[in-house]
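**Student:** Here's a structure for you.
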Amino acid sequence: MARWGMVIDLKRCIGCYGCMLACKQEHFLPPGIFWGRLVIGETGKYPAVTKQMYPVLCNHCEEAACVKVCPTGATTRREDGIVIIDYDKCVGCRYCVIACPYQQRTFYADGSKEYFPGQGFTELETIGRELYPLQPGTVVKCNFCAERIDEGLKEGLEPGIDREATPACVNACPAKARTFGDLDDPNSEVSKLIRDRKGYQLHPEFGTEPSVYYIIR
Amino acid sequence: MKPYEWMVSYTPQTEWIERRGILMWLAEVFGGLGAGLYLVALYFNSLWGMLIGWLIVIVLKGGFHLAYLGKPLRFWRIILKPQTSWMARGFIFMLLFIGFGAIQLIFSYWLPGTTGEVVFMVIAGIMAFLVAIYTGFVMNYVNGIQLWNSALLPLLFILTGVLDGLALVMAVGMLGGNFDIVAAEAASRVLLITAAALIAIYLWSATYMGPAGRQSVMKLIRGSVAPILWIGVVFFGIILPVVISLSTYFAGEVSASLLIIAIISEMIGAFSLKYAILKAGTYGPLIPVSAY
């Protein structure tokens with residue numbers, strides 16, 4: 001069984017926010033909800049200032065805090081490493097939102113929020129509610145486009161290689177900063193990148209063992 | 001906080017204190033008050049105190065928890081994962097406390113002095129202790145918020161729960177319950193000093209938990225949450241009750257009006273302490289900037 005993971009090349013990322021928007025579009029996310037973000041910070045003092053741009057998303061951790069704290073079992077980790085939420089089981093206690101040290105989960109509070117307030121839902125929002133219904137009152141987050149991966153695998157496609165089976169954010173990146181694949185396959189692109197270019201995880205001191213790696217060399 | 005500061009600066013937690021998060025704060029406060037009152041009433045054998053404590057847990061703690069849930073009708077699912085979730089465990093403790101507490105109250109009212117009463121007093125007492133302490137574990141499990149990630153937090157919650165229970169049981173005694181107010185007042189005096197020391201040690205040790213812990217403590221001591229800490233927790237929660245308690249000790253008698261002031265003051269302290277800890281909970285920056 002594969003263990004899906006992602007590598008993000010920070011030397012390639014140009015901070016275009018394309019990944020954020022692709023995710024929003026793919027999942028018809030409501031206003032104010034982002035499953036991936038671009039976090040930009042600065043370090044150093046003038047004139048030696050460095051800008052740090054980090055695309056962040058759910059890390060689908062091996063030792064996910066959200067899985068452990070969920071009192072209903074709504075948040076689980078699949079065998080392939082993807083951490084998913086069963087919206088029918090979530091009670092909206094938000095313990096997982098608090099517990100995630102990366103703050104990559106969001107409580108979906110108001111299902112009536114419109115992108116153009118007072119003008120009703122757009123056609124896209126209406127379609128989105130049918131194609132990808134989220135439940136107000138539950139917690140939502142990135143799922144590595146699990147539906148794309150599952151459908152792709154059924155059709156014999158390879159996630160990370162075939163676009164139809166690959167997460168939207170990976171496909172959307174114009175700089176090809178994101179790579180998706182099987183972390184347990186030593187010959188996969190992600191494993192080679194981590195090994196050869198010293199991929200690292202965000203805040204390993206939390207002990208969560210993220211499946212998202214960053215490379216900067 | 002501006003959007004571009006999110007998880008680049010120290011980011012406060014908001015889910016359990018802002019907007020509807022206020023309900024979570026109230027649930028935690030009333031959980032401590034109710035369970036603490038029950039425990040103290042058990043010790044002093046005050047049936048009214050036990051009943052009121054039990055009702056506070058069911059109606060107020062339970063009610064605010066339910067009101068906070070995004071899907072309250074699914075509340076029964078919360079017991080499904082006690083293997084790893086402190087919230088599931090806490091909900092089970094609450095249910096057991098409600099059940100065993102009800103049986104104990106029945107025994108104490110209709111069959112006082114029987115073995116059954118003693119057995120259920122012990123069991124319900126243990127459950128009340130667990131109800132008072134479990135929120136500390138719920139919070140200290142969160143390693144992203146260094147202020148909360150302290151072994152002292154459950155201790156602080158149980159101690160302040162008992163302290164607040166003593167204040168409430170004195171109020172019950174003043175309203176006519178058959179109860180030794182002087183003894184409760186004396187116990188309160190000791191616990192107030194202990195609570196003050198424990199709060200100071202907790203905050204001091206939080207500065208060693210990491211940069212986010214230090215940031216949270218700075219916020220508490222001289223930042224946006226400082227008024228709540230110094231006025232609510234320190235002055236109303238500790239100093240005023242201690243002064244009143246000492247004046248009672250040296251005067252040799254318990255003044256009803258001063259006692260009422262002390263009880264109200266301690267309640268302000270109880271609400272302020274949990275508010276301050278929830279409000280000051282801060283996540284460290286996500287990206288590895290050099291300042292972090």
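**Student:** Taking the square root of 5 times each eigenvalue of the Cα gyration tensor, what semi-axes in Å does the equivalent ellipsoid of the stretch B:3-283 have, largest first?
**Tutor:** 31, 25, 14
**Student:** Please rank B:204, B:230, B:148, fewest neighbouring Cβ atoms within 10 Å first, as an exposure proxy.
**Tutor:** B:204, B:230, B:148
**Student:** Right, here's the next one. Counting partner chain Cβ atoms within 10 Å of every residue's Cβ in B:265-273, what's the average?
**Tutor:** 0
**Student:** Expressed as a rounded percentage, what relative contact order does the stretch A:4-215 have, with Cα pairs under 8 Å and six or more residues apart? Present the calculation step by step, with values, prior to reporting the outcome.
**Tutor:** Values: 383 pairs, mean separation 63.2, N = 212.
Worked out over the stretch A:4-215, it gives 30 percent.
**Student:** With 10 angstrom as the radius, rank B:103, B:228, B:199 by how many other C-beta atoms surround their C-beta, starting from the fewest. Kindly include the intermediate steps, with their values, before the conclusion.
**Tutor:** Details: B:103 16, B:228 19, B:199 22.
The fewest-first ordering by Cβ neighbours comes to B:103, B:228, B:199.
**Student:** Now, a different point. Counting only residues 5 or more places away or on other chains, whose amide H sits under 5 Å from the amide H of residue A:78 once H atoms are built in the peptide plane?
**Tutor:** Excluding prolines and chain starts, which carry no amide H, the hits are A:83, A:84.
**Student:** If you add up the charges near residue B:191, with Lys and Arg at +1 and Asp and Glu at -1, over every other residue whose beta carbon is less than 13 angstrom from its beta carbon, what do you get? It would help to have the intermediate numbers written out before the result.
**Tutor:** On the way: positive: B:189; negative: B:164, B:185, B:266.
Here the charged neighbours net out to -2.
**Student:** Then there is this: Could you pull the Cα extents of the stretch A:60-138 along its three principal axes, largest to smallest, in whole Å?
**Tutor:** 43, 24, 21
**Student:** Tell me, what is the FRET efficiency for residue B:95 and residue A:119 to the nearest 0.05, using R0 = 30 angstrom and their Cβ-Cβ distance as r? Intermediate values should be presented prior to the final figure.
**Tutor:** Working: r = 47 Å, r/R0 = 1.56.
So, using R0 = 30 Å, E works out to roughly 0.05.
**Student:** Under 14 Å from the Cβ of residue B:138, count the other residues' Cβ atoms, weight Lys and Arg +1, Asp and Glu -1, and hand me the total.
**Tutor:** Values: positive: A:68, A:94, B:61, B:81, B:89, B:274; negative: B:15, B:28.
Result for the neighbourhood of residue B:138: +4.
**Student:** Quantify how much of the Cα-Cα distance distribution of the stretch B:195-256 extends past 16 Å, in percent.
**Tutor:** More than 16 Å apart: 55 percent of the Cα pairs in the stretch B:195-256.
**Student:** Over the stretch A:63-162, what relative contact order in percent results from Cα pairs under 8 Å that are six or more residues apart?
**Tutor:** Over the stretch A:63-162, the number comes to 26 percent.
**Student:** Follow-up. How big is D, in µm² s⁻¹, for the stretch B:106-232 by Stokes-Einstein at 37 °C and 0.692 mPa s if Rh is the Kirkwood radius over C-alpha pairs? Each step should come with its number before you reach the end.
**Tutor:** On the way: Rh = 16.9 Å.
Estimated via Stokes-Einstein, D reaches 194 µm²/s.
**Student:** Pull up all non-local amide H partners of residue A:92: gap of 5 or more, or a different chain, and H-to-H distance under 5 Å with H placed in the peptide plane.
**Tutor:** Counting only residues 5 or more places away or on other chains, the set is A:139, B:70, B:71.
**Student:** At R0 = 41 Å, how high is the FRET efficiency between residue B:58 and residue B:255 if r is their beta carbon distance? Nearest 0.05 is fine.
**Tutor:** With R0 = 41 Å, the Cβ-Cβ based efficiency is 0.75.
**Student:** Still on this structure: Of B:2/B:219; B:81/B:279; B:81/B:219; A:45/B:2; A:141/B:279; A:51/A:113, which sit over 30 Å apart, Cα to Cα? Don't skip to the answer; put the middle values down first.
**Tutor:** Details: B:2/B:219 18 Å; B:81/B:279 28 Å; B:81/B:219 35 Å; A:45/B:2 22 Å; A:141/B:279 24 Å; A:51/A:113 34 Å.
Flagged as over cut-off: B:81/B:219; A:51/A:113.
**Student:** What does the charge add up to near residue B:228, with Lys and Arg as +1, Asp and Glu as -1, over the other residues with Cβ less than 11 Å from its Cβ? Walk me through the numbers on the way to the answer.
**Tutor:** Numbers: positive: B:219, B:274, B:279; negative: none.
Once all neighbours under 11 Å are counted, the net charge is +3.
**Student:** Given R₀ = 35 Å, what would the calculated FRET efficiency be for residue A:127 paired with residue A:200, taking r from the Cβ atoms and rounding to 0.05?
**Tutor:** Efficiency, from the Cβ-Cβ distance: 0.30.
**Student:** If each DSSP helix of 4+ residues adds -39,500 (n - 2.57) and the sum is divided by the residues in chain A, what number results at 222 nm, nearest 500 deg cm²/dmol?
**Tutor:** Mean residue ellipticity at 222 nm (helix-derived): -6000 deg cm²/dmol.
**Student:** Please compute the average number of Cβ atoms from other chains found within 10 Å of each residue's Cβ in peptide A:67-79. Write out the running numbers ahead of the final one.
**Tutor:** On the way: counts 3, 6, 9, 8, 17, 12, 7, 5, 1, 0, 0, 0, 0.
Per residue, the number of nearby Cβ atoms from other chains is 5 on average.
**Student:** Which distance in nm do the two modelled labels at residue B:194 and residue A:79 give, with both placed 7 Å along the Cα-to-Cβ direction?
**Tutor:** Inter-label distance under the simple model: 5.3 nm.
**Student:** Amide H of residue B:283 versus every other amide H placed in the peptide plane: which residues, excluding those fewer than 5 positions away on the same chain, fall under 5 Å?
**Tutor:** Residues meeting the amide H criterion: B:11, B:13.
**Student:** Under a Cβ-Cβ limit of 4.7 Å, which cysteines in the protein assembly as shown have nobody to pair with?
**Tutor:** Within the protein assembly as shown, the cysteines lacking a partner Cβ under 4.7 Å are A:13, A:16, A:23, A:61, A:70, A:90, A:93, A:100, A:145, A:173.
**Student:** If I build a Gaussian network model for chain A, linking alpha-carbon pairs within less than 10 angstrom, which residue out of A:76, A:122, A:43 has the largest mean-square fluctuation?
**Tutor:** Fluctuation is largest for A:43.
**Student:** For the stretch B:186-231 and the stretch B:33-47, what is the centre-to-centre distance using only Cα atoms, to the nearest Å?
**Tutor:** Cα centroid of the stretch B:186-231 versus Cα centroid of the stretch B:33-47: 26 Å apart.
**Student:** Of the GluC sites (Glu not before Pro) in the stretch A:150-204, which ones lie in a loop per DSSP and count no more than 11 other C-beta atoms within 10 Å?
**Tutor:** Of the GluC sites (Glu not before Pro), the ones in loops of the stretch A:150-204 whose Cβ has at most 11 other Cβ atoms within 10 Å are A:155.
**Student:** Rounding to the nearest 10 and keeping the result within 0 to 90°, find how far the Cα-based axis of helix B:240-251 lies from the longest principal axis of chain B.
**Tutor:** 30
**Student:** With only alpha-carbon atoms in the gyration tensor, what are the semi-axes of the equivalent ellipsoid for the protein assembly as shown, in Å, largest first? Each step should come with its number before you reach the end.
**Tutor:** Numbers: eigenvalues 473, 132, 73 Å².
The answer is 49, 26, 19 Å, longest axis first.
**Student:** A further question on this structure: Give or take rounding to whole Å, what are the principal axis extents of the alpha carbon atoms in chain A, in descending order?
**Tutor:** Principal-axis extents of the Cα atoms in chain A, largest first: 48, 47, 33 Å.
**Student:** Okay, moving on. What range in chain B is the longest one free of GluC sites (Glu not before Pro) that are in a loop by DSSP and have at most 14 other Cβ atoms within 10 angstrom?
**Tutor:** Between exposed loop sites, the widest span is B:19-252.
Laboratory data are not the source of any read-out in this text; all were calculated from the coordinates shown. Since the model is a prediction, treat every value here as computed from it, not as a measurement. Quick reminder, even Gly has a Cβ in these numbers, built from the backbone with ideal geometry, and neighbours come from all protein chains shown.
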